[in-house]
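Below is one structure, written out as C-alpha cells; comments come after it.
The values are calculated or read from the model by the stated rules, or taken from the named source; none is laboratory data. A quick note: this is a predicted structure, and the numbers were derived from the prediction, not measured. Don't worry about glycine lacking a Cβ; one is built from the backbone with ideal geometry, like all the others, and counts go over all protein chains shown.
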Amino acid sequence: MGDRRSTIMKTTIVLKKEITKNLPNAYNQKPVAFVGYKLVIEVAESYNIDSEIFVFQRDVTSKYIERGVLDTFYSIASVAEIGFLPVGAPDVNGTNFFRESKIELVFETINEAEDAWKKISFEVNELSIANDYTLDLTPEEYISYPNASMRKLYGMSVNTLLTSDALLDTLVSDCIPSTDIVYTEGHYVDKYAYCVIYHRYGTLFDMFINDVKIDTTIQGQITITGCNEQPQLCNIFRSTSPVVATLQTVQLSFYRHIEE
C-alpha cells in the first residue's frame, strides 16, 4: 500500500529502535516466569515537527515510587496535542499529560514487543503525514477591517498604459467591501479592461468579459489614496489584449481566483 503523503513531504521523523535480543533456545526450554523484553524507541532526528511526540500520563503521586510519580506511556501525539501539551512534565495547573522524545516499554514476549514496534512506527508515520497536511497552507490572503477601507478602480480604457492621474480620471472608483467586481458599460471601440486592487490582496485573480475568461497582465503598481484617506499601494491588472468593440453592453467581472 502506497504512502498517502502529500507531495510536500516537509515532515521527517527518524526513530531509533532498540529491543532485547530473543532468548537462546537452551534458555527457552526452562521456566521463564521472570523474563521481560524491553523496547526502547527514541526520536533521533526530526524536521518541521517537535521531537517530543510520545504522550505520557502522570497517574499518581506516591512515596513508594522512586521519583514520587508514576508516568505511563499513553499514545503518539496528534498534531494538535503537539501544539498544547507541555514537554517533560505536566503543567501544575493544567492537564496531567505531557510529551517526551523517548519511550521504554517492557513485554512478556518478543512477539509482543515486535508488534508494539509495528504499531508505534505506523502511528508515527501517520503523524508525519498529518503534519505535512498542516504545513500545506493556502496562499496568503489579507482582509481589511473595516473591510471597505481599501479603494478599488476598474473599468475600460483605450490606453495601453495608464498613469496614476489617468487611472483616477478614467476608471470607476469605489470602496465596496469585496475584492470581486462586476461592472457593465457600453463598449463601442476596442478597449483594455482594467482593475486596480490593493497589493496585499495578492495576484490570484481572474478577469472575465461576458463570463468568458480573458488573459491578464500585471502592468505595475501605483499608490493611490484609500477610502481611509491613507496611501494605498495597488497592483494594476490589465487585459493582455484590447477587448474588441461590440454594439452590445459588455460585462467586466473580476474575481479572486480559488485554487483547487
Residue match in region 90-106 (condition: closer than 17 Å to Leu15 by Cα, touching a residue at least 12 places away in the same chain (Cβ under 8 Å) and of a type in the set (A, V, I, L, M, F, W, C)): yes
Residue list for region 118-143, filter: within 30 Å of Leu204 (Cβ to Cβ), touching a residue at least 40 places away in the same chain (Cβ under 8 Å) and in contact with a helix residue (DSSP H, G or I) (Cβ under 9 Å, 6 or more places away or on another chain): Ala130, Asn131, Tyr133, Thr134, Glu140, Glu141, Tyr142
Residue satisfying all of: in region 157-184; of a type in the set (Val, Ile, Thr) and not in a strand (DSSP E or B); nearest to the chain's Cα centre (by Cα) among these: Thr179
Tally of residues being loosely packed, with under 13 Cβ neighbours inside 10 Å and among the hydrophobic types (A, V, I, L, M, F, W, C) across region 107-142: 2
Region 126-146, subset assigned to a loop (DSSP other than H, G, I, E, B) and charged (D, E, K, R), residue farthest from the chain's Cα centre (by Cα): Glu141
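Considering only region 96-113, state which residues are part of a helix (DSSP H, G or I) and either within 12 Å of Ile41 (Cα to Cα) or in contact with a Pro (Cβ under 9 Å, 6 or more places away or on another chain) (or both). Give the steps one after another, and end with the answer.
Of region 96-113, the ones part of a helix (DSSP H, G or I) are 110-113.
Matches in region 96-113: Ala113 only.
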Residue tally, condition assigned to a loop (DSSP other than H, G, I, E, B) and at pLDDT 95 or above, over region 49-84: 7
Test: residue in region 226-236 that is over 32 Å from the mean Cα position of the chain (by Cα), assigned to a strand (DSSP E or B), in the same structural domain as Thr160 (by TED's automatic domain parsing) and within 19 Å of Leu167 (Cβ to Cβ): no
Checking Asp211 against (1) under 37 Å from the mean Cα position of the chain (by Cα); (2) in the same structural domain as Gln230 (by TED's automatic domain parsing); (3) touching a residue at least 40 places away in the same chain (Cβ under 8 Å); (4) surrounded by 14 or more Cβ atoms within 10 Å (Cβ to Cβ), the condition it does not meet: (4)
